[in-house]
Amino acid sequence: MATSALPQELIDGIIDAAEDDVQILKALGLVGTQWTPRTRKHLLKLLRLGEELNHPLDPITRCRQLVEILEANRELRNHPKTLVIQCSTTDTDAEEKDRTLGWIQVCSEEFIKILHMLRRSVNAVTFSQGATAMNFAHLSPTLREALHSFVARPNIVDLSLLGVHSMEMTSMVEHRSMEQLFIAFSAPPQAEMDAFLSKFSVRDLEQQPASTIAPLPRSKRKISSKFLRTLTVCGGGHALYLLLSKSQSAQATLHFSRIISVTVGTVHWDQAMAMIWPYYLKSFCQNVQSYSVLHGPWKLMRSDIPDETTLPFDPVVFSIDQLPRLRYLTVEVPHFSLSFPQHNPIPHLLEGLETLASSSKPVPLKRLTLDFNFGSLNGVDDVTKVLCEASKRQDIWGRLDDILSRRVFSSLTDVAVDMLIRRCKFDQSVDVLEELKSAVLSYMPNLGEQSKIKVIFYLPS
């Protein structure tokens, strides 16, 4: 049968089934004219402009070519839904011999054109550092204004900031449609923080009674049909501090008290996060149903291993008694943290669960997931010894079994212990893994009897 005779619905179904496979989509787009529009829709839904080292074209050339393509074909402007901007920036006041401008600085006029042409289609934006930070202070005033205006549009529902410095945050609290916010290693301009702190100190914030820091009544606030549902924070304490405080104004439309899913990263935990996180949990998390404590927003790196300069794990992270609606709790445990008692999250998790167990009220927790990440730091690390030791930690598994089998956790249906053995070396057989799995289960008889515990080893491919 000729492809032109195929029903369009069937063609679209075939293409949609391969929507996440770029190579197949490219091949399908060459089949015929009936196939091209649908494949373009999927191929262009994520538009990434960055510093990829393996790309045949440099980012400046790609940026300029994209302008030409979008100007020549207006229909293509409707396809991108997610825009990822990855770039390093350089201080333009630096000495000429030390200055290499980032591609977005070189192509600022072209990039402003791209933003204008995509203003109706894109609803998710990521600003990400390149080899070094992306610093808004290094950008021209015209480009900064264009980026802020693009993010402020009502059709933007998802914003991610990774390694972004000096991006003004105050205006963000008046966004009317943001549903997901990701902040990692990003901070507002120092001038914005100084102006805020000159009127409002950290001590003032911590000492306010709950009645004054609670969200204002609906009648006094502008309520959007959309609201912030998901928050992810890692190393963004100052930005979060500013946003939470500004969100209490009557003009704010970005409401942090309605969030239902929270993820916090513990890598490079600093004083700013230690200051703001207990306040956030206490004052804004009454509706949170899903809480995840992860190492960070990227795969494990050698530089993440704790040393004498690293702050100890902050137990405030597991103040889960402040989450009255918590149903899903996920905790990532990097394998190297097991060797550093002061950086091991497990004891603090157990204390947090113990606090919940001491309550007279039923705990709504339904699922607890422990991800023991044995991922390699260099591709050849042998994790055999540490994995065997972790599987025989009766102090962990036995106490976990004791706490979670108490009556207040009657809603609990699933405890998943995932041993993620990826990108690393394990020199024992699969039979040994079964023995280690049996060892874990033997320390958890109560949960095992109730069929609530699952131990899974994810082997390297």
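The values are calculated or read from the model by the stated rules, or taken from the named source; none is laboratory data. Source: prediction; values computed, not measured. Note that each Cβ is placed from the backbone with ideal geometry, even for glycine, and that neighbours are counted across all protein chains shown. Side chains are part of the model used for accessible areas, which takes the heavy atoms of the whole protein and leaves out ligands, DNA and RNA. Shrake-Rupley method; radii C 1.70, N 1.55, O 1.52, S 1.80 Å.
Given Arg77, Arg64, which one is modelled with pLDDT of 90 or more and either more than 26 Å from Asn123 (Cβ to Cβ) or open to solvent by 50 Å² or more (accessible area, probe 1.4 Å) (or both)?
Arg64
Answer yes or no as to whether Ala124 is open to solvent by less than 30 Å² (accessible area, probe 1.4 Å), touching a residue at least 24 places away in the same chain (Cβ under 8 Å) and of a type outside the set (Val, Ile, Thr).
Judged against the criteria, Ala124 is a match.
Residue-wise test of (1) at pLDDT 90 or above; (2) in contact with a Gly (Cβ under 9 Å, 6 or more places away or on another chain); (3) under 22 Å from Lys282 (Cβ atoms).
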site	(1), (2), (3)
Ile305	no, no, no
Pro315	yes, yes, yes
Ser319	yes, yes, yes
Arg327	yes, no, yes
Phe340	no, no, no
Pro345	yes, no, yes
Glu351	yes, no, yes
Pro362	yes, no, yes
Leu377	no, no, no
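Within the stretch 261-274, track down each residue that is part of a helix (DSSP H, G or I), modelled with pLDDT of 90 or more and of a type outside the set (Gly, Ala, Ser).
Met273
What residue, of Ser283, Ser337, Ser292, is under 17 Å from Val417 (Cα atoms), assigned to a helix (DSSP H, G or I) and open to solvent by less than 70 Å² (accessible area, probe 1.4 Å)?
Result: Ser337 is the single residue among Ser283, Ser337, Ser292 that is under 17 Å from Val417 (Cα atoms), assigned to a helix (DSSP H, G or I) and open to solvent by less than 70 Å² (accessible area, probe 1.4 Å).
Consider only pairs whose beta carbons are under 6 Å apart and that are at least six residues apart or on different chains; among these, list those whose first residue lies in the stretch 378-397 and is farther than 16 Å from Glu435 by Cβ and whose second residue is at pLDDT 90 or above.
Close Cβ pairs (under 6 Å, with a partner that is at pLDDT 90 or above) amount to Ile396/Ile346.
Are any residues in the stretch 239-252 of a type outside the set (A, V, I, L, M, F, W, C) and open to solvent by 10 Å² or more (accessible area, probe 1.4 Å), and if so, which ones?
Ser245, Lys246, Gln248, Ser249, Gln251
For Gly236, work out the one condition from (1) open to solvent by less than 10 Å² (accessible area, probe 1.4 Å); (2) of a type outside the set (A, V, I, L, M, F, W, C); (3) over 15 Å from the mean Cα position of the chain (by Cα) it doesn't fulfil.
(3)
Could you grab me the full set of residues in the stretch 270-301 that are among the polar types (S, T, N, Q) and in contact with a helix residue (DSSP H, G or I) (Cβ under 8 Å, 6 or more places away or on another chain)?
Within the stretch 270-301, Gln271, Ser283, Gln286, Asn287 meet the criteria.
So which of Arg367, Arg407, Arg399 is modelled with pLDDT of 85 or more, surrounded by fewer than 15 Cβ atoms within 10 Å (Cβ to Cβ) and not small (Gly, Ala, Ser)?
Exactly one of Arg367, Arg407, Arg399 is modelled with pLDDT of 85 or more, surrounded by fewer than 15 Cβ atoms within 10 Å (Cβ to Cβ) and not small (Gly, Ala, Ser), namely Arg407.
Taking the stretch 133-143 as the search range and keeping residues that are in contact (Cβ under 8 Å) with a residue 24 or more places away in the chain and not in a loop (DSSP other than H, G, I, E, B), which one is surrounded by the fewest Cβ atoms within 10 Å (Cβ to Cβ)?
Looking at the filtered set, the residue picked out is Thr142.
Among the residues of the stretch 65-74, are any out of contact with any Gly (no Cβ under 7 Å at 6 or more places or on another chain) and among the β-branched types (Val, Ile, Thr)?
yes
Please indicate, with yes or no, whether at least one residue in the stretch 31-47 is surrounded by fewer than 16 Cβ atoms within 10 Å (Cβ to Cβ), modelled with pLDDT of 90 or more, within 29 Å of the chain's Cα centre (by Cα) and not aliphatic (A, V, I, L, M).
Yes, the stretch 31-47 contains at least one residue that is surrounded by fewer than 16 Cβ atoms within 10 Å (Cβ to Cβ), modelled with pLDDT of 90 or more, within 29 Å of the chain's Cα centre (by Cα) and not aliphatic (A, V, I, L, M).
Among the aliphatic types (A, V, I, L, M) and touching a strand residue (DSSP E or B) at 6+ places or on another chain (Cβ under 8 Å): which single residue out of Leu139, Leu66 fits that description?
Leu66
Can you name every residue in the stretch 340-359 that is out of contact with any helix residue (DSSP H, G or I) (no Cβ under 8 Å at 6 or more places or on another chain) and either in a loop (DSSP other than H, G, I, E, B) or surrounded by 16 or more Cβ atoms within 10 Å (Cβ to Cβ) (or both)?
Phe340, Ser358, listed by residue number.
Please go through the stretch 156-174 and give me each residue that is open to solvent by 10 Å² or more (accessible area, probe 1.4 Å) and either at pLDDT 95 or above or touching a strand residue (DSSP E or B) at 6+ places or on another chain (Cβ under 9 Å) (or both), ordered by number.
Those that are open to solvent by 10 Å² or more (accessible area, probe 1.4 Å) and either at pLDDT 95 or above or touching a strand residue (DSSP E or B) at 6+ places or on another chain (Cβ under 9 Å) (or both): Val157, Asp158, Ser160, Leu162, His165, Ser166, Met172.
Taking the stretch 431-447 on its own, how many of its residues are in contact (Cβ under 8 Å) with a residue 24 or more places away in the chain and open to solvent by 40 Å² or more (accessible area, probe 1.4 Å)?
Counting residues in the stretch 431-447 that are in contact (Cβ under 8 Å) with a residue 24 or more places away in the chain and open to solvent by 40 Å² or more (accessible area, probe 1.4 Å) gives 4.
Can you work out which of the residues in the stretch 161-196 that are without any contact (Cβ under 8 Å) to a residue 40 or more places away in the chain and hydroxyl-bearing (Ser, Thr, Tyr) is nearest to Leu243 (Cα to Cα)?
Among those that are without any contact (Cβ under 8 Å) to a residue 40 or more places away in the chain and hydroxyl-bearing (Ser, Thr, Tyr), it is Ser171.
Just one of (1) touching a Leu at 6+ places or on another chain (Cβ under 9 Å); (2) modelled with pLDDT of 95 or more; (3) closer than 30 Å to Thr310 by Cβ trips up Ile421, so point out which.
Status for Ile421: all satisfied but (2).
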